[in-house]
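First comes the structure, then the notes that go with it.
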Amino acid sequence: MARLNETAAKQIAEICDRYKNEPTPLMLILSDIQNEYGYIPLEVQELVSEKTGISVAEIYGVVTFYSYFSLKPKGKYVVGCCLGTACYVKGGGQVFDKFSEVLGIKGGETTPDGLFTLDALRCLGACGIAPAVSINGKVYPKVQVSDVPGIVDSYRNA
Amino acid sequence: MSLVNIKIEGHPYQVEAGLTILEAAKRCGYEIPSLCTFNHGECNQGSCRVCLVEATGARGLVASCVYPVSEGMEIIISSPKAVQARRTSVELLLSNHSTDCQACPKNGKCELYYAAQITGARNVQKDGARTPATVDEISPSIVRDTSKCILCGRCIARCQNAHGLGVLGFENRGFNTIVGPAENRSFTDSPCILCGQCVSVCPTGALMEKSEIGKLDEAKRQGKYIVVQTAPAVRAALGEEFGMKIGTPVTGKMVAALHRLGFDKVYDTNFGADLTIMEEANELLLRMKNGGVLPMITSCSPGWVNYAEYYYGDQLDHLSSCKSPHEMFGAIVKSYYAEKNGLDPKNIFVVSIMPCTAKKFEKERDQLKNAEGLPDVDCVLTTRELGALIRRSGINFTKLPDEEFDQDLLGEYSGAGVIFGVTGGVMEAALRTAYHAVTGKEHELIKFEEVRGLEGIKEASIDMGGTTVNVAVAHGMKNAKVLMDEVRAGTSKYAFIEIMGCPGGCVAGGGQPYVKPCFLPNEDIDILDTYKQKRSAALYSEDERQTVRQSHNNTQIQQLYKDYLGEPCGHRAHELLHTTYAARERFN
């Protein structure tokens with residue numbers, strides 16, 4: 001398996017040390033790693049395991065349980081289509097499919113140029129503006145299928 | 001200890017406060033079916049929902065394995081509502097479960113099948129999606145088939161409890177959840193030590209040993225000269241496969257069964273154990289005399305060796321270079337024994353009956369093959385597989401007479417060899433011989449009580465003709481880690497350490513008969529707390545019955561050195577009986 005380079009290993013160790021006094025530090029550590037690197041591959045999980053004494057199996061379980069964590073690098077722009085109940089009945093499914101068609105990728109995948117990742121989300125808590133789409137934290141309200149190409153272009157040309 | 005008054009099925013009982021309903025009911029004589037809970041909460045997920053009962057004060061039905069009793073509680077197990085709920089829980093489990101029951105190797109010992117029977121579960125052929133399944137048959141030791149997994153979590157808990165760092169965990173979410181090593185890897189590509197403890201707690205056929213009965217059949221078809229050897233711990237448990245009480249020693253019947261199964265020769269691995277002691281005790285003394293690497297650590301347990309190679313790759317020169325007893329035995333059969341009997345080693349097929357799944361992996365190590373690539377041992381069967389083999393052959397085990405192992409050349413064994421099967425046994429056996437080698441006298445007591453028993457880490461100081469030797473014994477990798485971290489830090493005060501992979505040693509190995517209370521109606525209700533002691537006692541009693549109690553007093557061992565090997569740890573002994581280790585990547 002690929003080994004982490006020294007700088008990365010040092011940074012991961014530093015993140016683990018931030019929470020060494022926490023009784024249950026795993027979620028905090030993984031959130032920081034996800035935020036800073038965009039993904040948490042197995043070699044990073046191994047290092048976290050060594051630092052925290054939590055088994056790799058358990059860490060892997062947490063990483064694959066929460067959709068927030070990713071095993072693979074995410075694109076520069078993460079497109080999250082809400083497929084919660086309200087968004088779904090308002091056409092969220094079609095909006096998701098359109099993004100998939102325009103970007104040429106399935107849910108959970110990243111475009112080859114590394115620009116976009118497409119995710120299906122379960123409720124953003126924005127049911128009043130359904131169907132909602134969130135791109136890197138910016139929320140688009142009442143998205144129509146016809147809006148999708150324009151939204152994608154605005155990021156492509158950014 | 002405070003008591004509370006409860007009623008079960010309308011009958012009043014007094015039970016300890018703090019117990020779960022399931023545990024309290026068990027003590028009052030009721031057995032509520034449960035698939036996830038195990039061994040007093042060693043695993044307590046409350047996940048299978050098969051133990052639902054009615055209890056006053058609770059909203060709806062409660063999972064009795066996690067719900068505590070309280071004063072005045074009335075518990076109803078038999079109400080139509082509770083009965084129906086338990087049945088539905090089992091039916092839902094079955095709806096996402098492989099239905100190939102008659103072909104499943106767990107057939108007859110499956111707790112899910114049993115639960116289905118007693119709850120009356122029906123209508124399992126529900127249409128609909130199933131969780132995508134993984135079948136991992138790559139490892140030589142353990143097969144994992146997630147289509148039979150009910151996500152109870154027992155294996156995860158056992159792996160964690162026994163070894164600290166578990167390799168098994170839940171992966172993914174919801175319908176796609178499975179249990180396995182990280183990335184759903186094979187056991188071979190993860191730091192699994194292949195001990196089989198997960199197999200011994202799995203309620204279904206999701207985790208099983210990899211059977212090698214087919215290999216044995218093939219060797220018979222080819223007309224090989226088949227030599228079988230049995231590990232000490234097997235005799236302490238094999239009877240359980242045939243309904244005998246736990247702790248019944250069945251050495252004579254086991255030998256009789258093997259004689260009837262078409263093996264050319266039936267020997268005891270104890271001979272190999274005696275040989276191991278001769279080499280290991282002398283290796284220890286040489287290391288002490290010549291300033292070699294100390295502490296020296298035993299290398300009989302392949303689970304432990306796997307762990308050392310994965311986690312302490314920088315400390316491997318502490319491991320004794322001795323092969324494990326059955327490997328030594330195999331090496332001697334294919335050299336000394338073959339020569340004496342005019343046999344071609346290539347035509348000899350050595351079968352080891354072991355309480356262990358890791359031994360299946362061990363026999364395939366490149367380090368345990370001779371220069372021509374011939375392995376010391378060809379086939380490893382677990383105690384459970386031997387049970388299956390005996391049943392398959394129509395032998396009525398309990399009716400067999402007692403017979404003796406074959407006695408020529410490799411037949412004699414000492415009491416020291418017998419106790420290898422229990423934690424502390426190798427240490428005790430080695431001390432008996434090392435003491436003699438140093439002082440020229442036998443140790444007066446023979447027994448070394450400090451290293452007996454089931455405490456996680458045991459230590460003793462032995463006076464050997466003026467020098468005090470500090471020793472320690474650990475079993476289960478959680479305990480081994482404590483001693484190994486001291487070794488790595490250079491603070492270990494011991495000269496000699498025994499480490500066994502499985503908690504309790506080989507008597508509780510991953511290849512031993514299942515101890516599942518639901519299938520053992522005639523055992524005490526605390527059998528999960530006592531089975532290790534009972535099996536250990538069977539071995540200690542055989543040690544006491546032996547006239548020869550020390551490995552160095554085994555006359556056939558003496559003969560072997562005189563005729564063939566020369567000195568313990570000498571040139572020929574090194575070639576045949578010693579091995580090497582190599583650090584391994586945890587996730588390669």
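Step by step: first the residues of region B:429-453, then only those that are within 23 Å of B:TYR267 (Cα to Cα) and under 24 Å from the mean Cα position of the chain (by Cα), then the one that is surrounded by the most Cβ atoms within 10 Å (Cβ to Cβ). Which residue is that? Steps first, please.
Filtering region B:429-453 for residues within 23 Å of B:TYR267 (Cα to Cα) gives B:429-430, B:433.
Narrowing the set further to residues that are under 24 Å from the mean Cα position of the chain (by Cα) leaves B:429-430.
On the way: B:ALA429: 30, B:ALA430: 27.
Filtering region B:429-453 for residues that are within 23 Å of B:TYR267 (Cα to Cα) and under 24 Å from the mean Cα position of the chain (by Cα), the one surrounded by the most Cβ atoms within 10 Å (Cβ to Cβ) comes out as B:ALA429.
Summed over region B:2-57, residues that are in contact with a strand residue (DSSP E or B) (Cβ under 7 Å, 6 or more places away or on another chain) and on the phi > 0 side of the Ramachandran plot total 4. Scanning region A:15-57 for residues that are more than 23 Å from B:LEU168 (Cα to Cα) and among the charged types (D, E, K, R) returns A:ASP17, A:ARG18, A:LYS20, A:GLU22, A:ASP32, A:GLU36. Being in contact (Cβ under 8 Å) with a residue 40 or more places away in the chain, touching a Phe, Trp or Tyr at 6+ places or on another chain (Cβ under 7 Å), of a type in the set (Phe, Trp, Tyr) and assigned by TED's automatic domain parsing to the domain that holds B:LYS481 is the requirement here; does B:PHE263 meet it? It is false that B:PHE263 is in contact (Cβ under 8 Å) with a residue 40 or more places away in the chain, touching a Phe, Trp or Tyr at 6+ places or on another chain (Cβ under 7 Å), of a type in the set (Phe, Trp, Tyr) and assigned by TED's automatic domain parsing to the domain that holds B:LYS481.
So which residues in region A:46-68 are within 7 Å of another protein chain (Cβ to nearest Cβ) and over 21 Å from B:GLY174 (Cβ atoms), if there are any at all? Before the answer, list the steps.
Looking only at region A:46-68, we keep the residues that are within 7 Å of another protein chain (Cβ to nearest Cβ), and these are A:46, A:55-58, A:60-61, A:64-65.
Result: A:GLU46, A:SER55, A:VAL56.
Would region A:29-43 turn up any residue that is within 12 Å of chain B (Cβ to nearest Cβ) and farther than 30 Å from A:TYR155 by Cα? Within region A:29-43, one or more residues are within 12 Å of chain B (Cβ to nearest Cβ) and farther than 30 Å from A:TYR155 by Cα. Of all the listed residues (B:LYS81, B:LYS106), the sole one being away from chain A (no Cβ under 13 Å), buried (at least 17 other Cβ atoms within 10 Å of the Cβ) and closer than 26 Å to B:LEU52 by Cα is B:LYS106.
Residues of region B:186-198 that are more than 9 Å from every other protein chain (Cβ to nearest Cβ) and of a type outside the set (Val, Ile, Thr): B:SER186, B:PHE187, B:ASP189, B:CYS192, B:LEU194, B:CYS195, B:GLY196, B:GLN197, B:CYS198.
Picking from B:GLY490, B:GLY504, which residue would you name as being free of Cβ contacts under 8 Å to residues at least 24 places away in the same chain and either in the same structural domain as B:ALA236 (by TED's automatic domain parsing) or surrounded by fewer than 21 Cβ atoms within 10 Å (Cβ to Cβ) (or both)? So that I can check it myself, show each step before the final result.
Working: B:GLY504 fails: free of Cβ contacts under 8 Å to residues at least 24 places away in the same chain.
Criteria check complete, one pass: B:GLY490.
Considering region B:355-421, the qualifying helices (runs of 4 or more DSSP H), each wholly inside and each with 1 or more residues that are surrounded by fewer than 16 Cβ atoms within 10 Å (Cβ to Cβ) and in the same structural domain as B:PHE263 (by TED's automatic domain parsing), run over B:383-392. Might you let me know whether region A:36-49 holds any residue that is part of a helix (DSSP H, G or I), in contact with a strand residue (DSSP E or B) (Cβ under 9 Å, 6 or more places away or on another chain) and within 17 Å of B:PRO191 (Cα to Cα)? No, region A:36-49 contains no residue that is part of a helix (DSSP H, G or I), in contact with a strand residue (DSSP E or B) (Cβ under 9 Å, 6 or more places away or on another chain) and within 17 Å of B:PRO191 (Cα to Cα). Given the structure, is B:LYS26 surrounded by fewer than 16 Cβ atoms within 10 Å (Cβ to Cβ) and basic (Lys, Arg)? No; evaluated as a whole, the condition is false for this residue.
Comparison of A:LYS90, A:LYS98, A:LYS76, A:LYS20 shows that the only residue that is free of Cβ contacts under 8 Å to residues at least 40 places away in the same chain and away from chain B (no Cβ under 14 Å) is A:LYS20.
Can you spot a residue in region B:97-112 that is within 30 Å of B:ALA17 (Cβ to Cβ), among the basic types (Lys, Arg) and either without any contact (Cβ under 8 Å) to a residue 60 or more places away in the chain or not assigned by TED's automatic domain parsing to the domain that holds B:PRO513 (or both)? It would help to see each step written out before you state the result.
Of region B:97-112, the ones within 30 Å of B:ALA17 (Cβ to Cβ) are B:111.
After this cut, where a residue has to be among the basic types (Lys, Arg) as well, the list is none.
The answer is no, given that none of the residues of region B:97-112 is within 30 Å of B:ALA17 (Cβ to Cβ), among the basic types (Lys, Arg) and either without any contact (Cβ under 8 Å) to a residue 60 or more places away in the chain or not assigned by TED's automatic domain parsing to the domain that holds B:PRO513 (or both).
The residue that is surrounded by the most Cβ atoms within 10 Å (Cβ to Cβ), among those in region B:157-175 that are more than 7 Å from chain A (Cβ to nearest Cβ) and in contact (Cβ under 8 Å) with a residue 40 or more places away in the chain, is B:HIS163. Against the conditions (1) under 17 Å from B:THR276 (Cβ atoms); (2) surrounded by 17 or more Cβ atoms within 10 Å (Cβ to Cβ); (3) among the hydroxyl-bearing types (Ser, Thr, Tyr), B:TYR564 satisfies every one except (2).
The values are calculated or read from the model by the stated rules, or taken from the named source; none is laboratory data. Bear in mind that the values here come from a model prediction, so they are computed numbers and not experimental data. Reconstructed Cβ throughout: ideal geometry from the backbone, glycine too, with neighbour counts over all protein chains shown.
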